[in-house]
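Single-structure report; data block below.
Only the coordinates and a few stated rules stand behind these numbers; no lab work does. Owing to the predicted nature of the structure, the values given are computational and were not obtained by experimental measurement. All Cβ positions, even for glycine, are placed from backbone atoms using ideal geometry, and neighbour counts span all protein chains on display.
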Amino acid sequence: MIDEALQDWIEKSLNETTTEVESRALEERLLEDEQARDYYLNAVNLHASLRRRFAAEAESPTVVSFSAETETRRKHVPGIGLAVTACMALIVGVFALLMSSSQPIAEITQVVGAYRDSGAAYSAGELVKRGPLKISRGLVRLDFLNGARVTIEGPAEIEVVNEMHVVLHRGVVTATIPESAVGFVVDTSAAHVVDLGTSFGVSVSDDGQTDVCVFDGEVEVSSSETAPRLLREGQAIRASEHSKMIDSAPFETSRFEKAWPINSGVLQTTGSIRFVSPGPSFHPGNYKDNEHIVVFPERRGFVPKEAIRVDMVDPGQYAKSRYREKPTLLTEQRLTSYLLQLNAYPSGKNPNRRRSVRGQITFAKPIVGVITDDRLLKESEAAFRIPNVKYPSARTIEPRPEGDLRHGFDTVILAADRRTLLIELQENPGHLDQVRVLVEAE
Amino acid sequence: MASPTPDSSRHEEFVSLYVRHEPAIFSFVLGMVRNTADAEDVVQRASLTMWRCLDQYEVGTNFRNWALQVAKNAALNHLTKVRRDRHVFSENLVELLAEQAEDRAENLDARRRALDSCVEKLPPTDHKMVVSCYAEGATIRSFAEQAGETANKIYKRLNRVRGQLQKCIERQLGLEEEAAQ
């Protein structure tokens, strides 16, 4: 039964004038009465339609002339034509709405200890409108509506002009630009950087010097004094505010070491884990580093076509197990894979010296599987269509057997948050340790 | 490195599907969050999520159902955030409303279509009030001031006009049904 009390609560709810008590009363009533819910849905539907129908008329209060115009158009354009025109107008309208100044054009999707000048923290889920953005410290990742992903490292000042254009006044940004946002522009006082479908980093130091590094694909760089210059992956330039000249520079990615992983779905690395931006003609086997466990991004956002055996799926410590006891991932979800590796080479006075290298890595999304066994690594490489690399020997992680108290074993722990991996590997020159991590795609 | 976003023809398809169903999504969300400004925000956020997760939507399946699922999650997230400050609908009720709105999606669409002609039939003064109260950024209070009336009076008039529109919609749908038989 639709009584007056219910009607009154619903009307007040639409007018946004309900008191706390009325709001609770309405909820109680709707919970128990299906008919009341129907009535409520109809009322909201009407209210929402009126809002959508008339919202646009705030700036053109002359309703009469508006409908007169549609009338005349209707006379000239035949049926289907009208539908098409209306649809086009609607699409343009929706985009205009999305792009207009009051509408958010990007969302903050990742935050690592980032604060405003006021001391207030940034948090994931905040919407970003056009205008200036100041980050006193920490890292913020913006995901634009068109798919562009930009990570900013503070202290930074950036201006979001629109979803295809930002101006960097100070600080470090890295950008990953999909096909849908090719042409994305980063401007600084010294350079004009146009993306051509790629990943790249731009930094502006306090004295106005601009550095650009291309991790993948191509960008075009110009200044007010120079012609556009094409920059390919593995290349870098430096431009100064004063000379307006653009000079080649060594491909030095350390500046972008914090921001770039976040573009790639890695929130944080600590200890001796280092995220590597693959340069040209790169493969994991030829990357040697005695000091670090390095992380390479592999395939992004793919759905495995077959079941995949892994060594770990649940939080806990990795222990050896038989092949047939390995858990199988039967997933249809999209995955991103990363390769963690320690590839030490004999060096120095004491080539037989053994040390351990350890650290921890936190991903933005949950880890769904960890692979360490040589046979499973090979299987997954075939399944993921990862370019075949010939390794000189089996890749082996040696976990501590139960009850064995000696030193010198490898440890891989999947933390309870399912996003963090703690790793300690024994340096063993000539032997390669690898761990493949499968993470839910962003 | 594989491109993380789908190709541009899918984007075009998305835009056209999204535009078609946006009114349904907005209505769906507004019923859950009950505040126009918040609903606009939630819909905006949901559209970003849809855009980003477009390849989770399978072509040929019901776009509206998929979009409503995404929108419901966005609404629930929003409600969890504001629940500390004021009373909002419980998750329980939101699920009930979502289920019922999905079941009645066709009917709610038909009601929106019927509304168009009903609005045109309103007497000029009522029409003008509806336009003014529902224009973006307009508030009933500001309209009341302009019209030299109390807000309370305008609320009452608006409630009455909405009641009339609702009856007109029912009549219209009744006529359509008759015509179909």
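Report the calculated FRET efficiency for B:Glu99 and B:Asp55 (r = Cβ-Cβ distance, R0 = 30 Å), to the nearest 0.05. FRET efficiency, B:Glu99 to B:Asp55: 0.70. Within the range A:152-236, the GluC sites (Glu not before Pro) that combine a DSSP coil assignment with at most 14 other C-beta atoms in a 10 angstrom radius are A:Glu225.
Evaluated at q = 0.11, 0.15, 0.23, 0.24 Å⁻¹, a Debye calculation over the C-alpha positions of the range B:7-103 (equal weights, vacuum) places log10 I(q)/I(0) at -0.31, -0.56, -1.18, -1.27.
With all pairs of different C-alpha atoms in the average, the Kirkwood value for the hydrodynamic radius of the range A:258-318 is 14.3 Å. Judged by the gyration tensor of its Cα atoms, with axes a ≥ b ≥ c, the range B:68-122 is prolate; a/c meets the 1.5 cut and a/b is the larger of a/b and b/c. Across the range B:45-54, coupling constants 3J(HN,Hα) worked out from phi with the 6.51/-1.76/1.60 Karplus curve, θ = phi - 60°, read 5, 5, 5, 5, 4, 4, 4, 6, 9, 4 Hz, and Gly and Pro carry x. Is the C-alpha gyration tensor of the range B:107-181 telling us rounded, prolate or oblate? Criteria: a/c under 1.5 is rounded; beyond that, a/b larger than b/c is prolate, otherwise oblate. It comes out prolate by the Cα gyration axes.
The residues packed around B:Met129, meaning those with a beta-carbon under 12 Å from its beta-carbon, carry a net charge of +4 if Lys and Arg are +1 and Asp and Glu are -1. Candidate cross-link partners of A:Lys378 among the lysines, defined by an alpha-carbon separation under 28 Å and a same-chain spacing of 8 or more, comprise A:Lys288, A:Lys305, A:Lys320, A:Lys326, A:Lys365, A:Lys390.
Dividing the convex hull volume of the alpha-carbon atoms in the range A:264-440 by its residue count gives 120 Å³ per residue.
If the Kirkwood radius is taken over C-alpha pairs of the range A:106-256, then at 4 °C and 1.567 mPa s the Stokes-Einstein diffusion coefficient equals 86 µm²/s. The GluC sites (Glu not before Pro) of the range B:35-112 that meet both conditions, a loop assignment by DSSP and at most 15 other Cβ atoms within 10 Å of the site Cβ, are B:Glu58. By the Cβ rule of 4.7 Å, chain B holds the following cysteines without a possible disulfide partner: B:Cys53, B:Cys133.
Each 5 Å bin from zero up to the one holding the largest Cα-Cα distance in the range A:346-438 carries the following percent of pairs: 3, 11, 19, 20, 21, 16, 7, 3, 0. The trypsin sites (Lys or Arg not before Pro) of the range B:1-87 that meet both conditions, a loop assignment by DSSP and at most 16 other Cβ atoms within 10 Å of the site Cβ, are B:Arg83, B:Arg84, B:Arg86.
Of the residues B:Gln56, B:Gln100, B:Gln164, the one that moves most in a GNM of chain B with alpha-carbon contacts below 10 Å is B:Gln56. Of the residues B:Ile140, B:Ala67, B:Leu175, the one whose Cα sits farthest toward the positive end of the charge dipole of chain B, with +1 on the Cβ of Lys and Arg and -1 on the Cβ of Asp and Glu, is B:Ile140. Choose one answer from A:Met164, A:Met312, A:Met245: the residue with the largest mean-square fluctuation in a GNM of chain A with alpha-carbon springs under 10 Å. In the Gaussian network model the winner is A:Met245.
Rg ratio for the range A:183-307: its Cα radius of gyration over 2.2 N^0.38 Å, N being its residue count, equals 1.17.
Between the amide H of A:Glu233 and those of A:Gly217, distances stay under 5 Å, these residues lying 5 or more places away or on another chain, with hydrogens modeled in the peptide plane.
Pairs of Lys residues in chain B, spaced 8 or more positions apart or belonging to different chains, with C-alpha separations under 30 angstrom: 10 in total.
Translational D (Stokes-Einstein, µm²/s) of chain A at 37 °C and 0.692 mPa s when Rh comes from the Kirkwood sum over C-alpha pairs?
Here the translational diffusion coefficient equals 126 µm²/s.
A Förster distance of 25 Å, applied to the separation of the beta-carbon atoms of A:Glu398 and A:Tyr287, puts the FRET efficiency at 0.70.
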